Amino acid sequence: MKILHIDSSILGSGSLTRILSAAVVAEILAHHPAAEVSRRDLVETEIRHLDGAIAAGFRPTGFGDFDDATVTEHGVSEALVAEFLASDILVIGAPMYNFSVPSQLKAWMDRIAQAGRTFKYTEKGPVGLSGGKQVIVASARGGFYADGPLARMDFQESYLRAFFGFLGIADVHVVRAEGASKGETVRSEGLERARAAIAGVVAGLHPAAA
Ligand SMILES: Cc1cc2nc3c(=O)[nH]c(=O)nc-3n(C[C@H](O)[C@H](O)[C@H](O)COP(=O)(O)O)c2cc1C
């Protein structure tokens with residue numbers, strides 16, 4: 001079993017999603033001690049945003065005649081998609097920033113969405129090629145979005161589900177800490193609720209990944 005452990009919070013040791021994603025990986029390892037873990041910290045080692053020349057490495061953009069820096073970036077895209085394709089379980093620390101995911105995580109998503117590798121176009125529309133993988137999102141938000149009037153403002157978890165669904169991954173689980181900006185008591189309660197959900201999510205992972 002190969003686990004890809006990704007973090008994208010800019011808040012370092014104060015980050016809830018980093019605590020939660022580490023706890024998820026630890027729980028998986030408790031059940032599957034032989035699992036291999038690859039680590040990708042998208043803040044420590046930032047991925048450049050796409051530009052036309054970088055994107056041309058894996059999609060037609062009309063850009064050519066690449067300089068050395070761009071060729072290096074094409075290699076980065078290839079390494080990222082290969083790492084994603086090799087993984088069975090993705091554990092992704094994904095905070096809500098401005099109602100969506102951090103731009104660091106978006107930059108990673110932009111590199112792995114590759115036609116012919118992780119999805120394909122067919123006459124009947126796009127088809128995901130990444131089925132069989134499982135994703136656990138360690139989510140945190142300052143407010144409350146799971147229920148109530150702000151649910152429609154959640155472009156973070158809903159976006160991740162849509163994105164991975166597009167790649168063919170329906171198996172997306174979320175452990176969620178809400179109310180992180182509502183004072184220490186509410187923040188701690190949100191973190192503990194998310195922690196308490198981890199064992200159940202990991203126990204429910206598809207055995208094919210073992
Ligand atoms: C740049 C930034 C943008 C944020 N935007 C939102 C937001 O749109 N909605 C919200 O409820 N909380 C927002 N927050 C609060 C974070 O979601 C909250 O602090 C959460 O704990 C972040 O995850 P982390 O602790 O792993 O960094 C934002 C925080 C930061 C730093």
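Enumerate the pairs (first residue in region 95-107 and under 26 Å from Glu78 (Cα atoms); second residue anywhere and basic (Lys, Arg) and more than 6 Å from the ligand (Cβ to nearest atom)) with beta-carbon separation below 8 Å, excluding pairs fewer than 6 apart on the same chain, so at least 6 apart or on different chains.
Hits for this filter: Ser100/Lys106; Ala107/Arg48.
Regarding region 26-45, can at least one residue be identified that is buried (at least 21 other Cβ atoms within 10 Å of the Cβ) and either of a type in the set (Gly, Ala, Ser) or touching an Asp or Glu at 6+ places or on another chain (Cβ under 8 Å) (or both)?
Yes, region 26-45 contains a residue that is buried (at least 21 other Cβ atoms within 10 Å of the Cβ) and either of a type in the set (Gly, Ala, Ser) or touching an Asp or Glu at 6+ places or on another chain (Cβ under 8 Å) (or both).
Could you list all residues from region 3-33 that are more than 12 Å from the ligand (Cβ to nearest atom) and either of a type in the set (Ser, Thr, Tyr) or part of a loop (DSSP other than H, G, I, E, B) (or both)?
His32, Pro33
Could you tell me which of the residues Ala208, Ala196, Ala138 is at pLDDT 95 or above and more than 13 Å from the ligand (Cβ to nearest atom)?
Just a single option satisfies the conditions, and that option is Ala196.
Checking Val175 against (1) crowded, with 19+ Cβ neighbours inside 10 Å; (2) β-branched (Val, Ile, Thr); (3) in a helix (DSSP H, G or I), only one condition comes out false. Which one?
(3)
For a quick check of your reading of the model, give me the residue pairs whose first member lies in region 13-35 and is among the small types (Gly, Ala, Ser), whose second is in a helix (DSSP H, G or I), with beta-carbon atoms closer than 7 Å and at least 6 apart or on different chains.
Ala23/Arg195; Ala23/Ile198; Ala35/Ile28; Ala35/Leu29
Six or more apart or on different chains, Cβ atoms under 7 Å: show the pairs whose first residue is in region 150-179 and without any contact (Cβ under 8 Å) to a residue 60 or more places away in the chain and whose second is among the charged types (D, E, K, R).
Qualifying pairs under 7 Å: Ile169/Lys133; Val172/Arg161; Val174/Glu157; Glu178/Arg141; Gly179/Arg187.
Of all residues being within 16 Å of the ligand (Cβ to nearest atom) and not in a strand (DSSP E or B) in region 34-54, which is farthest from Ala177 (Cα to Cα)? Just the residue, please.
Filtering region 34-54 for residues that are within 16 Å of the ligand (Cβ to nearest atom) and not in a strand (DSSP E or B), the one farthest from Ala177 (Cα to Cα) comes out as Glu46.
The values are calculated or read from the model by the stated rules, or taken from the named source; none is laboratory data. These numbers come from a predicted model, not from an experiment. Note that each Cβ is placed from the backbone with ideal geometry, even for glycine, and that neighbours are counted across all protein chains shown.
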